[in-house]
Each structure stands twice: as structure tokens, then as C-alpha cells.
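**Q** Take a look at the following structure, please.
The values are calculated or read from the model by the stated rules, or taken from the named source; none is laboratory data. Computed from a predicted structure; not experimentally measured. Glycine also receives a Cβ, built like all others from the backbone with ideal geometry; neighbour counts cover every protein chain displayed.
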Amino acid sequence: MLKSPIRVLVVEDFGQWRQFYCSTLQQQSRFRVIGEVSDGLEAVHRARQLQPDLILLDIGLPTLNGIEAARRIREASPASIIIFVSENRSAEIVREALSTGASGYVVKSDAAGDLLPAVNAVLAGSRFVSAGLADYGLDAPSNRQIVDHPDTDVVTFTQRQHIGITRHHEVGFYSDDRHFLGHISSFIVAALKAGNAAIVVATEPHRESLLVKLQAEGLDMGAAIAEGRYISLDAADTLATFMVNGLPDPVRFLKVAGDLIVGAAKAVNQDSARVTACGECAPLLWTQGKVEAAIRLEHLWDEVAITQNVEILCGYSLGIIGSGMDSHTFERICAEHSAVHSF
């Protein structure tokens, strides 16, 4: 165990996560955060400069991904202990991350309960991997071994770029409900007919109208619902599960989203099947005047699209633009998506 204070470098490109890690560690006097970095290449430079005792390291970083950054950090600051904190659950990625010499791997959506135990474990000389990966064939904590899981279909953003796959996080701006329901239903019909699972998080009127429209397309929605391939949730109720003080809490959000996606994926249980999701959570926040909350939520959905290979479609009413969405905010929302549609 290192002597206090234990000097920590936090490497994470999303501000809310950095704030969570720092506040969690600083609740204990033996930790001192000496640096916060949002870029992989900068992380290497700061590690060389600061020689921290402990580094919390994300994988999906700009400029240089976390795994490559860890390899360079091992040379730049060989005494630093590294814990990866990522929502990426791929057994292959976990294995590659740990092969860099890192001592731990924490799943972001489990970070509320796992971060401090992980830190304590690695500082005591043990290896830590989140129990959230246990379903992927991991052994007990005292003898952890990473094995492939046939249902895992998760790749990092860097890998996607390398093999020519881009994230699927689209946004649609609709002039009326007819266009909204038409586009959303087409999205879901294509998913279900391809053997994929679909998650819908929308307002109650839209959920009811959408179900009618899907049935009119000849889909057996009763069977899809019973099998868990079609999950429909109320947007307001879903928001209540992860909003804290008017903003989406990253830990709670990723826990809610992760559980939904894992459940939907198990319902199809095919190597080639995927999960699609569409809804109005961020748009609902916008209509309530919570602009920053809406944009932060879109950023979180973007992270899910990248790390869990989920196809996502968000729907906004064009009427919103006429009632206060300035061009700068419109551009910020569009920037969080891979494609923009207007109807």
C-alpha cells in the first residue's frame, strides 16, 4: 500500500465523469487529484511530467485511445498504477487493456460501487475487474481470467474507425407527429424484420400511436413484446431514474441504459443481431427548458452508441426551433449525432 497522499491523474474526456471520479476520491483525505486530462496523448505527457501514483484511464479518448496511451505511460511513468474505467464490456478489449500492465478494469455503469474497491484492491497489489463482467465468463475476483463471450458485440471508437465502422446515433427534426411516427416506425420495422431488438423511450401518446402503426405494418407486436424484442418505456418515467439535480447522472444513466441493452440483446441471442433504440428523452428535457441537460444526455447516448454498438435515433419537433432553439444550440445537438434528418 502506498503512503498518503496518493497522487491521482484522471484521464476522461467527459466532464461529468471527471467530476464524479474526483469527488469520489477526494471524499477520502488519502487521495489527491493532481491532474485532469481529456486527451490520450496529453495523458502520456502529464504522466511523464507528474509521475502519479495512480491513473484512472478511459479507453475512448481523442487523439490517442486509452489502451495505446497506457502502453506509452508504462514507459513514461513505469511506477504508476493504472485502472481503466470504461463502459466497453468486450472481453477482448478488457484483455487487451489489462495486457498493457494495468491493474484494474471498472465498468463505468458500476463505478458508483466499484471505483473505491477497485482503487483499494490495486493499491494493495491485487487485480480488480468489475463484477458486472461476470456474465461474460469471468472467474471469481481472486482468480480473474478474461474469456470471450459469444453475445458480446462491442468495439471501441478507435476500432470502428480502423475497420470502417461508424457510430449510429442519428437525430430527426420533424414538422409534425405524422413525420415523427413515420420515420420512427420505419426505423423499428427495419430492426425487427432484421431480427434485431428495439427499445422505444417516448411520450405516452407517441408510444400508443407507434404500437398501432407497427401492427399495421404486419408485425406481430404481441409476440415481440412477450419475447422481449420490443421494449417500450415512458420518457418521463425513464428520465426520473437517472436525473439528479436537473442533470443526467452518468453512473445512473449508464446503469439504466446498460441493463436495457443487455436485456434486449439476450432476447434475440444471435451473433449477428443488434439492438436499436429510439426516443424522446433529450427532446423532452428540451421542451422543459433544460437545454444543457438535453445536450449532456445526447452526449451520454453517443457514448452508448460508440461503446455498445447500438443504433440510436432521437426525435425532436421542429416547433422547438421556432420557440427558442438558437443556431448555436442546434449545432451542438447535431454535433452529438452521426446523421441529421429533417422532415
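**Q** Might you check whether a residue that is assigned to a loop (DSSP other than H, G, I, E, B) and at positive phi occurs anywhere in segment 74-91?
**A** Initially, segment 74-91 is screened for residues assigned to a loop (DSSP other than H, G, I, E, B), giving 77-80, 87-90.
Those left that are additionally at positive phi: none.
No, that holds for no residue.
**Q** Can you tell me which residue within segment 285-318, out of those that are assigned to a helix (DSSP H, G or I) and more than 23 Å from residue 17 (Cα to Cα), is nearest to the chain's Cα centre (by Cα)?
**A** Among them, the one singled out is 287.
**Q** Among the residues of segment 38-53, count how many are within 14 Å of residue 7 (Cβ to Cβ) and either surrounded by 24 or more Cβ atoms within 10 Å (Cβ to Cβ) or acidic (Asp, Glu) (or both).
**A** Counting residues in segment 38-53 that are within 14 Å of residue 7 (Cβ to Cβ) and either surrounded by 24 or more Cβ atoms within 10 Å (Cβ to Cβ) or acidic (Asp, Glu) (or both) gives 3.
**Q** Among residues belonging to segment 219-258 that are free of Cβ contacts under 8 Å to residues at least 12 places away in the same chain and over 19 Å from residue 290 (Cβ atoms), point out the one that is nearest to the chain's Cα centre (by Cα).
**A** 225
**Q** Now for a separate question. Filter segment 82-93 down to residues that are touching a residue at least 60 places away in the same chain (Cβ under 8 Å) and buried (at least 20 other Cβ atoms within 10 Å of the Cβ), then give me how many there are.
**A** Looking only at that region, the number is 7.
**Q** Please determine, by comparing only the residues of segment 11-37 that are closer than 23 Å to residue 94 by Cβ and not hydrophobic (A, V, I, L, M, F, W, C), which one is surrounded by the most Cβ atoms within 10 Å (Cβ to Cβ).
**A** The qualifying residue surrounded by the most Cβ atoms within 10 Å (Cβ to Cβ) is 12.
**Q** If you check residue 216 against the conditions, is it in contact (Cβ under 8 Å) with a residue 24 or more places away in the chain and of a type in the set (A, V, I, L, M)?
**A** Working: in contact (Cβ under 8 Å) with a residue 24 or more places away in the chain: no; of a type in the set (A, V, I, L, M): yes.
The answer is no for residue 216.
**Q** Look at residue 16 and say whether it is touching a helix residue (DSSP H, G or I) at 6+ places or on another chain (Cβ under 7 Å) and assigned to a helix (DSSP H, G or I).
**A** For residue 16, the condition - touching a helix residue (DSSP H, G or I) at 6+ places or on another chain (Cβ under 7 Å) and assigned to a helix (DSSP H, G or I) - is met.
**Q** Tell me yes or no: at least one residue of segment 250-261 is under 18 Å from residue 309 (Cβ atoms), out of contact with any helix residue (DSSP H, G or I) (no Cβ under 8 Å at 6 or more places or on another chain), modelled with pLDDT of 90 or more and not charged (D, E, K, R).
**A** yes
**Q** Of all residues in segment 94-107, how many are within 21 Å of residue 47 (Cβ to Cβ) and either crowded, with 24+ Cβ neighbours inside 10 Å or not polar (S, T, N, Q) (or both)?
**A** 8
**Q** Oh, and also: Report yes if residue 225 is surrounded by fewer than 17 Cβ atoms within 10 Å (Cβ to Cβ) and at pLDDT 95 or above, otherwise no.
**A** Yes: the conditions hold for residue 225.
**Q** Go through segment 97-151 and report how many residues are of a type in the set (Ser, Thr, Tyr), under 23 Å from residue 74 (Cβ atoms) and modelled with pLDDT under 55.
**A** The qualifying residues number 0.
**Q** Among what's in segment 239-293 and is among the polar types (S, T, N, Q) and closer than 17 Å to residue 333 by Cβ, pick the residue that is surrounded by the most Cβ atoms within 10 Å (Cβ to Cβ).
**A** Initially, segment 239-293 is screened for residues among the polar types (S, T, N, Q), giving 241, 245, 269-270, 272, 276, 287-288.
Restricting the remaining residues to those that are closer than 17 Å to residue 333 by Cβ gives 287-288.
On the way: 287: 15, 288: 13.
Step by step, filter segment 239-293, then rank; the result is 287.
**Q** Among the numbered criteria (1) among the aliphatic types (A, V, I, L, M); (2) surrounded by fewer than 20 Cβ atoms within 10 Å (Cβ to Cβ); (3) modelled with pLDDT under 90, which single criterion is violated by residue 306?
**A** (2)
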